[in-house]
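Heads up: the structure comes next, in C-alpha coordinates.
The values are calculated or read from the model by the stated rules, or taken from the named source; none is laboratory data. Not measured: the values here are computed from a predicted model. Methodologically, a virtual Cβ is constructed for each residue, glycine included, from the backbone with ideal geometry; neighbour enumeration extends over all protein chains shown. We work out accessible area using only protein heavy atoms, side chains counted, and drop any ligands, DNA or RNA first. Shrake-Rupley method; radii C 1.70, N 1.55, O 1.52, S 1.80 Å.
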Amino acid sequence: MDTEGTAKKCSACGGETVYLRDVHLKNELPFSPDFFDAALYRCPVCGHFDFYEREEDRLHRTQMEKQAEESRKFYEKLPDYRCPVCGQVGKSERCIYCGMSCVPLKRPEEPQREKAPEPEKKKMRRWFGGNDDKPNWEG
(Lines give C-alpha, C1' and ligand atoms only; values in the text may rest on other atoms or scores of the structure.)
Protein backbone atom coordinates (compact mmCIF):
# COMPACT_ATOMS: atom_id res chain seq x y z
CA MET A 1 0.00 0.00 0.00
CA ASP A 2 1.44 3.34 -1.00
CA THR A 3 0.97 5.93 1.71
CA GLU A 4 2.58 8.92 0.04
CA GLY A 5 -0.37 11.07 1.13
CA THR A 6 0.72 10.88 4.77
CA ALA A 7 3.98 12.67 5.43
CA LYS A 8 6.25 10.91 7.94
CA LYS A 9 9.19 12.56 9.63
CA CYS A 10 12.59 10.90 9.87
CA SER A 11 13.40 9.91 13.45
CA ALA A 12 17.11 10.68 12.90
CA CYS A 13 17.21 14.07 11.15
CA GLY A 14 13.57 15.23 11.01
CA GLY A 15 13.41 15.30 7.20
CA GLU A 16 10.53 13.97 5.11
CA THR A 17 10.64 10.22 4.49
CA VAL A 18 9.65 8.37 1.34
CA TYR A 19 7.48 5.24 1.40
CA LEU A 20 9.27 2.20 -0.02
CA ARG A 21 7.06 -0.85 0.57
CA ASP A 22 5.30 -3.04 3.11
CA VAL A 23 7.54 -5.61 4.75
CA HIS A 24 6.85 -8.84 6.62
CA LEU A 25 9.10 -9.11 9.68
CA LYS A 26 9.69 -12.32 11.60
CA ASN A 27 10.32 -12.19 15.33
CA GLU A 28 12.52 -14.82 17.02
CA LEU A 29 11.97 -13.60 20.60
CA PRO A 30 10.12 -15.92 22.99
CA PHE A 31 6.60 -14.99 24.17
CA SER A 32 6.06 -12.49 21.37
CA PRO A 33 4.14 -12.55 18.10
CA ASP A 34 5.86 -14.65 15.46
CA PHE A 35 5.57 -12.00 12.77
CA PHE A 36 4.19 -8.59 12.01
CA ASP A 37 3.79 -6.37 8.99
CA ALA A 38 5.14 -2.84 8.75
CA ALA A 39 5.48 -0.03 6.24
CA LEU A 40 9.10 0.77 5.38
CA TYR A 41 10.10 4.43 4.89
CA ARG A 42 13.52 5.86 3.95
CA CYS A 43 14.84 9.36 4.51
CA PRO A 44 16.45 10.72 1.30
CA VAL A 45 18.52 13.21 3.33
CA CYS A 46 20.33 10.90 5.77
CA GLY A 47 19.42 7.42 4.42
CA HIS A 48 17.82 6.31 7.70
CA PHE A 49 15.11 3.62 7.50
CA ASP A 50 11.98 3.79 9.67
CA PHE A 51 9.24 1.24 10.26
CA TYR A 52 5.67 2.43 10.79
CA GLU A 53 2.43 0.64 11.39
CA ARG A 54 0.59 -0.06 8.16
CA GLU A 55 -2.53 2.01 7.52
CA GLU A 56 -4.78 -1.07 7.14
CA ASP A 57 -3.51 -2.45 10.44
CA ARG A 58 -4.05 0.86 12.18
CA LEU A 59 -7.63 1.13 10.88
CA HIS A 60 -8.36 -2.48 11.85
CA ARG A 61 -6.91 -1.93 15.33
CA THR A 62 -9.00 1.22 15.92
CA GLN A 63 -12.11 -0.61 14.71
CA MET A 64 -11.43 -3.52 17.08
CA GLU A 65 -10.85 -1.10 19.99
CA LYS A 66 -14.17 0.57 19.20
CA GLN A 67 -16.00 -2.79 19.18
CA ALA A 68 -14.32 -3.77 22.45
CA GLU A 69 -15.47 -0.50 24.05
CA GLU A 70 -19.06 -1.10 22.89
CA SER A 71 -18.95 -4.66 24.26
CA ARG A 72 -17.60 -3.40 27.58
CA LYS A 73 -20.39 -0.83 27.86
CA PHE A 74 -23.00 -3.51 27.08
CA TYR A 75 -21.48 -5.84 29.69
CA GLU A 76 -21.51 -3.12 32.35
CA LYS A 77 -25.25 -2.58 31.77
CA LEU A 78 -26.01 -6.20 32.69
CA PRO A 79 -27.38 -6.64 36.23
CA ASP A 80 -25.21 -8.13 38.99
CA TYR A 81 -26.20 -11.42 40.61
CA ARG A 82 -25.10 -12.88 43.96
CA CYS A 83 -24.91 -16.62 44.60
CA PRO A 84 -26.84 -17.54 47.78
CA VAL A 85 -24.54 -20.54 48.40
CA CYS A 86 -20.98 -19.31 47.86
CA GLY A 87 -21.59 -15.54 47.88
CA GLN A 88 -19.79 -14.82 44.59
CA VAL A 89 -21.01 -11.85 42.52
CA GLY A 90 -21.19 -12.04 38.74
CA LYS A 91 -23.17 -11.06 35.65
CA SER A 92 -24.72 -14.51 35.10
CA GLU A 93 -27.98 -15.90 36.48
CA ARG A 94 -26.08 -19.12 37.26
CA CYS A 95 -23.04 -19.13 39.53
CA ILE A 96 -19.92 -19.99 37.53
CA TYR A 97 -18.30 -21.48 40.65
CA CYS A 98 -20.98 -23.79 42.09
CA GLY A 99 -23.77 -23.81 39.45
CA MET A 100 -26.56 -22.58 41.72
CA SER A 101 -29.21 -20.08 40.62
CA CYS A 102 -28.23 -16.56 41.64
CA VAL A 103 -30.31 -13.71 43.04
CA PRO A 104 -30.21 -10.21 41.49
CA LEU A 105 -28.46 -7.66 43.70
CA LYS A 106 -30.73 -4.83 42.67
CA ARG A 107 -33.69 -4.94 40.42
CA PRO A 108 -33.66 -2.79 37.32
CA GLU A 109 -36.02 0.15 37.44
CA GLU A 110 -39.37 -1.09 36.18
CA PRO A 111 -42.20 1.23 35.21
CA GLN A 112 -45.00 1.38 37.77
CA ARG A 113 -47.77 -0.97 36.79
CA GLU A 114 -51.37 -0.07 37.41
CA LYS A 115 -53.17 -2.43 39.71
CA ALA A 116 -55.59 -4.68 37.93
CA PRO A 117 -59.20 -4.13 38.95
CA GLU A 118 -60.34 -6.67 41.48
CA PRO A 119 -62.73 -9.24 40.05
CA GLU A 120 -66.32 -8.99 41.11
CA LYS A 121 -67.44 -11.42 43.77
CA LYS A 122 -69.38 -14.31 42.42
CA LYS A 123 -73.01 -14.39 43.25
CA MET A 124 -73.95 -17.43 45.22
CA ARG A 125 -76.00 -19.90 43.29
CA ARG A 126 -79.18 -20.88 45.01
CA TRP A 127 -80.72 -24.23 44.91
CA PHE A 128 -84.05 -24.50 43.25
CA GLY A 129 -83.70 -21.07 41.63
CA GLY A 130 -84.28 -19.03 44.77
CA ASN A 131 -84.63 -15.28 44.89
CA ASP A 132 -81.33 -13.34 44.79
CA ASP A 133 -82.78 -10.58 46.97
CA LYS A 134 -83.16 -12.87 49.97
CA PRO A 135 -80.25 -13.13 52.47
CA ASN A 136 -78.17 -16.33 52.46
CA TRP A 137 -79.59 -17.65 55.70
CA GLU A 138 -83.12 -17.66 54.30
CA GLY A 139 -82.23 -20.10 51.57
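Scanning the stretch 34-55 for residues that are open to solvent by 70 Å² or more (accessible area, probe 1.4 Å) and either more than 21 Å from residue 13 (Cα to Cα) or of a type in the set (S, T, N, Q) (or both) turns up 34, 35, 36. Taken over the stretch 56-100, the criterion of being over 30 Å from residue 11 (Cα atoms) and part of a helix (DSSP H, G or I) is satisfied by 67, 68, 69, 70, 71, 72, 73, 74, 75, 76, 77. When restricted to residues that are in contact with a His (Cβ under 8 Å, 6 or more places away or on another chain), modelled with pLDDT of 85 or more and open to solvent by 60 Å² or more (accessible area, probe 1.4 Å), the stretch 1-32 contains 1.
Total residues in the stretch 71-87 satisfying the condition of being surrounded by 10 or more Cβ atoms within 10 Å (Cβ to Cβ) and among the acidic types (Asp, Glu): the figure is 1. Is the stretch 36-57 home to any residue that is touching a Leu at 6+ places or on another chain (Cβ under 7 Å), touching a residue at least 24 places away in the same chain (Cβ under 8 Å) and not aromatic (Phe, Trp, Tyr)? Yes, the conditions are met somewhere in the stretch 36-57.
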